[in-house]
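Engineer: Below you will find the structure I want to go over with you.
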């Protein structure tokens, strides 16, 4: 088994200095002492300077322009560890989670993503995405994950391109998950690997609902056969309901139709069969 230092941690943040400082207090106190990279996504509140002063052991990369979800790619590239644990600036790992994830990755050479059990808020509610993964008809295999609580194998993550630069934050995981699965890698939900997530807002940030729908539609259009893509799109739109955010998400997705057509890569039939099984569930 590898030592705990085989897992590094990447945190992306933007203009949330106090929040990321609190999170770093928890992460740097982990008994595993993982190397940590913080990617400051073009903050204007002195985040990078404050981290350097309070946590000199943390590697801080300051980006000149915001990159959203793809800012994490910079941190993954920066680390030399074979495995990378992803966090948001308001999530953290419990002691022992990283060694458990590393053990699973060591034991399964084709495993690319360990999707953790993410507990939300002081009341430790199970994240709805984790509840869905726990009911997967594929067993512990999943075709998605929650980015604020996942451990990835660095090499296939980078080979797949990491998080797409057009997606921003919200629903960015789906495209990467499918790309990894299409390349023959596995993703598993392991509830004994635990992360906490304490978002500061009870409601989604403005524009997030529309952005998540846009990104989900982009993923469907990028990888599914036409008939399956049409069915999945209709289901996503119905789930959004008749409201302004749904319309904005659809319009945003249509604006990306040209580049989606250029980058479209339908998945192999075996993977499409799994996606269809998840649709049915």
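The values are calculated or read from the model by the stated rules, or taken from the named source; none is laboratory data. Everything numeric in this text was worked out from a predicted model, so none of it was measured. Positions of Cβ are generated from backbone atoms using ideal geometry, with glycine treated the same way; all protein chains shown enter the neighbour counts.
Engineer: Could you look through the range 260-270, keep only residues that are within 22 Å of the chain's Cα centre (by Cα) and surrounded by fewer than 17 Cβ atoms within 10 Å (Cβ to Cβ), and pick out the one that is farthest from residue 136 (Cα to Cα)?
Structural biologist: So the residue we want is 263.
Engineer: Please verify whether the range 44-63 includes one or more residues that are surrounded by 19 or more Cβ atoms within 10 Å (Cβ to Cβ), touching a residue at least 24 places away in the same chain (Cβ under 8 Å), part of a strand (DSSP E or B) and in contact with a strand residue (DSSP E or B) (Cβ under 9 Å, 6 or more places away or on another chain).
Structural biologist: Within the range 44-63, none of the residues are surrounded by 19 or more Cβ atoms within 10 Å (Cβ to Cβ), touching a residue at least 24 places away in the same chain (Cβ under 8 Å), part of a strand (DSSP E or B) and in contact with a strand residue (DSSP E or B) (Cβ under 9 Å, 6 or more places away or on another chain).
Engineer: What number goes with the only condition from (1) closer than 16 Å to residue 15 by Cα; (2) not in a loop (DSSP other than H, G, I, E, B) that residue 75 does not pass?
Structural biologist: (1)
Engineer: Considering every residue within the range 98-112, establish whether at least one is without any contact (Cβ under 8 Å) to a residue 24 or more places away in the chain, farther than 15 Å from residue 197 by Cβ and assigned by TED's automatic domain parsing to the domain that holds residue 158. Please lay out each step first, then the result.
Structural biologist: Initially, the range 98-112 is screened for residues without any contact (Cβ under 8 Å) to a residue 24 or more places away in the chain, giving 107, 109.
Still in the list and also farther than 15 Å from residue 197 by Cβ: 107, 109.
Now restrict to residues that are assigned by TED's automatic domain parsing to the domain that holds residue 158: 107, 109.
Checked against the condition, which is being without any contact (Cβ under 8 Å) to a residue 24 or more places away in the chain, farther than 15 Å from residue 197 by Cβ and assigned by TED's automatic domain parsing to the domain that holds residue 158, the range 98-112 yields at least one hit.
Engineer: Please list, ordered by first then second residue, the pairs with beta carbon atoms under 6 Å, 6 or more apart or interchain, first in the range 261-281 and without any contact (Cβ under 8 Å) to a residue 60 or more places away in the chain, second surrounded by 15 or more Cβ atoms within 10 Å (Cβ to Cβ).
Structural biologist: 264/222
Engineer: So which residues in the range 235-250 are within 24 Å of the chain's Cα centre (by Cα) and either farther than 21 Å from residue 207 by Cβ or without any contact (Cβ under 8 Å) to a residue 12 or more places away in the chain (or both)? Walk me through it before giving the result.
Structural biologist: Within the range 235-250, the first condition is being within 24 Å of the chain's Cα centre (by Cα), and the residues that meet it are 235-237, 239-240, 245-246, 248-250.
If the condition is that a residue be within 24 Å of the chain's Cα centre (by Cα) and either farther than 21 Å from residue 207 by Cβ or without any contact (Cβ under 8 Å) to a residue 12 or more places away in the chain (or both), then 235, 239 are the ones that fit.
Engineer: I'd like the full set of residues that are crowded, with 20+ Cβ neighbours inside 10 Å and in a helix (DSSP H, G or I), limited to the range 118-150.
Structural biologist: Result: 130, 133, 147, 148, 149.
Engineer: Residues being buried (at least 22 other Cβ atoms within 10 Å of the Cβ) and either over 23 Å from residue 83 (Cβ atoms) or touching a helix residue (DSSP H, G or I) at 6+ places or on another chain (Cβ under 7 Å) (or both): count how many of those fall in the range 7-23.
Structural biologist: Residues that pass the stated criteria total 7.
Engineer: Take the conditions in contact with a helix residue (DSSP H, G or I) (Cβ under 8 Å, 6 or more places away or on another chain) and at pLDDT 95 or above and apply them to residue 175. Does it pass? First the steps, then the outcome.
Structural biologist: Numbers: in contact with a helix residue (DSSP H, G or I) (Cβ under 8 Å, 6 or more places away or on another chain): yes; at pLDDT 95 or above: yes.
Against the criterion (in contact with a helix residue (DSSP H, G or I) (Cβ under 8 Å, 6 or more places away or on another chain) and at pLDDT 95 or above), residue 175 qualifies.
Engineer: Same structure, new question: Would the range 127-140 turn up any residue that is modelled with pLDDT of 95 or more and closer than 23 Å to residue 74 by Cα?
Structural biologist: No, the conditions are met nowhere in the range 127-140.
This table checks each residue for (1) part of a helix (DSSP H, G or I); (2) without any contact (Cβ under 8 Å) to a residue 60 or more places away in the chain; (3) in contact with a strand residue (DSSP E or B) (Cβ under 8 Å, 6 or more places away or on another chain); (4) not assigned by TED's automatic domain parsing to the domain that holds residue 274.
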| position | (1), (2), (3), (4) |
| --- | --- |
| 152 | no, no, yes, yes |
| 163 | no, no, no, yes |
| 177 | yes, no, yes, yes |
| 184 | no, no, no, yes |
